[in-house]
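Engineer: Starting off with a structure, shown below.
Where a number appears in this text, it was derived from the coordinates with a stated rule and is not lab data. Remember, predicted model here, so these are calculated numbers, not experimental data. Reconstructed Cβ throughout: ideal geometry from the backbone, glycine too, with neighbour counts over all protein chains shown.
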Amino acid sequence: MNTLIDFLNSHTSIRRFTGQTVTTEQERLIVTTAQRSPTSSNLQAYTVIGIREQATKDRLAKLSGNQSHVAESSLFLVFCADLYRISRLNAQRDYPFTGEYTEPFIVATVDTALVASRALMAAQALGLGGVMVGSIRNDPAEVSRMLNLPAYTYAVMGMSLGYPEAPGKIKPRLPLEGVYCRERYSDEQFAHAIAEYDVTIDKLGYLKGQETKSQGYPNFMGVYSWSEHTARRVADMSALSLRPHMRPYLESQGLMVK
């Protein structure tokens with residue numbers, strides 16, 4: 001049990017890969033292991049698309065903000081929330097279909113996120129490394145076109161996978177009291193937990209040279225901490241950050257209409 005806990009606590013994102021190929025046997029094992037993730041009412045409202053064609057990876061890398069690891073990965077996985085498969089079952093039986101409501105959308109998105117998380121753990125257990133790619137949503141309509149996604153689906157995230165060029169660094173998380181409450185929600189410990197985490201991140205130098213939109217905060221004289229970095233990211237009003245296209249895109253896919 002301790003070995004499993006140690007493994008789960010060893011997660012790190014990998015963005016640089018060797019040229020070694022992820023085998024089709026490994027690919028299958030990663031996805032079949034991911035299938036054992038929890039799923040609401042056993043709906044299994046997701047589809048995983050494996051991509052190896054270089055031209056497709058190159059295009060997805062560009063759409064994802066020119067992230068080179070997407071193109072350089074041996075295997076790129078796209079995790080799609082999928083209510084289309086269920087819609088076909090209902091159509092075959094002439095039953096009403098409620099996939100346009102918000103709750104099924106949430107169910108499918110959560111199912112997909114759980115599957116993606118376990119897929120990454122399975123890959124890591126096989127000696128591979130990877131990183132989640134949320135920027136697959138930068139141009140969801142084009143991704144849908146490329147991957148032939150039908151109605152009632154959307155790409156939630158991508159994942160670059162390959163053999164690590166070098167071991168990753170395990171990034172510390174917020175102290176437990178910053179994210180865990182007992183019995184009811186409470187923010188009493190937030191300030192202390194965040195202050196402690198700011199010090200930890202500063203000592204490790206994770207944000208050196210990564211100041212977000214520094215030109216927009218010319219009067220800032222404090223330590224560029226995790227809390228400052230996070231506040232600036234959430235304050236970012238750019239379209240690339242907020243992706244305001246997602247709501248109309250989802251509605252065009254028949255999702256979250258009601």
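Engineer: Explain nothing, just the number: dipole magnitude of the range 85-165 about its Cα centre with +1 on each Lys and Arg Cβ and -1 on each Asp and Glu Cβ, in debye rounded to the nearest 20.
Structural biologist: 200
Engineer: Then there is this: Taking the chain as a Gaussian network, Cα atoms linked when under 10 Å apart, which of Asn42, Asn90, Asn219 shows the biggest mean-square fluctuation?
Structural biologist: Asn219
Engineer: Can you tell me the dipole magnitude for the chain around its Cα centre, using point charges on the Cβ only (Lys, Arg +1; Asp, Glu -1), in Debye to the nearest 20?
Structural biologist: Roughly 420 debye for the chain.
Engineer: Using only alpha carbon positions, build the gyration tensor of the chain, then give the equivalent ellipsoid semi-axes as the square roots of 5 times its eigenvalues, largest first, whole angstrom.
Structural biologist: That gives 32, 24, 21 Å for the three semi-axes.
Engineer: Taking Lys169 as the anchor, which lysines have their alpha carbon closer than 21 Å to its alpha carbon, excluding any fewer than eight residues away along the same chain?
Structural biologist: Straight-distance partners of Lys169: Lys203, Lys208.
Engineer: Next up: Calculate log10 I(q)/I(0) of the range 143-258 for q = 0.11, 0.16 Å⁻¹, where I(q) comes from the Debye formula with a single equal point scatterer on each Cα and nothing for solvent.
Structural biologist: With no solvent term, the Cα-only Debye profile gives -0.66, -1.07.
Engineer: Put +1 on the Cβ of every Lys and Arg and -1 on every Asp and Glu Cβ in the range 75-163; which of Gln92, Thr112, Val131 then has its Cα farthest towards the positive end of the dipole?
Structural biologist: Farthest along the dipole direction, towards plus: Val131.
Engineer: Taking every pair of distinct Cα atoms and averaging 1/r, then inverting, what Kirkwood hydrodynamic radius in Å comes out for the range 1-83?
Structural biologist: Across the range 1-83, the inverse of the average 1/r is 14.9 Å.
Engineer: One-quarter of the Cα convex hull surface for the range 51-196, in nm²?
Structural biologist: If I average the Cα hull's projected area over directions, I get 12.6 nm².
Engineer: Picking from His69, His229, His192, which is most flexible by a Gaussian network model of the chain using Cα springs under 10 Å?
Structural biologist: His192
Engineer: Among rounded, prolate and oblate, which fits the range 133-194 when a ≥ b ≥ c are the square roots of the eigenvalues of its C-alpha gyration tensor, a/c under 1.5 means rounded, and a/b larger than b/c means prolate?
Structural biologist: oblate
Engineer: Between Val78, Val143, Val199, where does the largest GNM mean-square fluctuation fall for the chain, given springs only between Cα atoms within less than 10 Å?
Structural biologist: The residue with the greatest mean-square fluctuation here is Val199.
Engineer: For the chain, what is the calculated [θ] at 222 nm in deg cm²/dmol (nearest 500), taking -39500 (n - 2.57) for each run of four or more DSSP H residues and dividing by its residue count?
Structural biologist: Helices in the chain give a 222 nm mean residue ellipticity of -12500 deg cm²/dmol.
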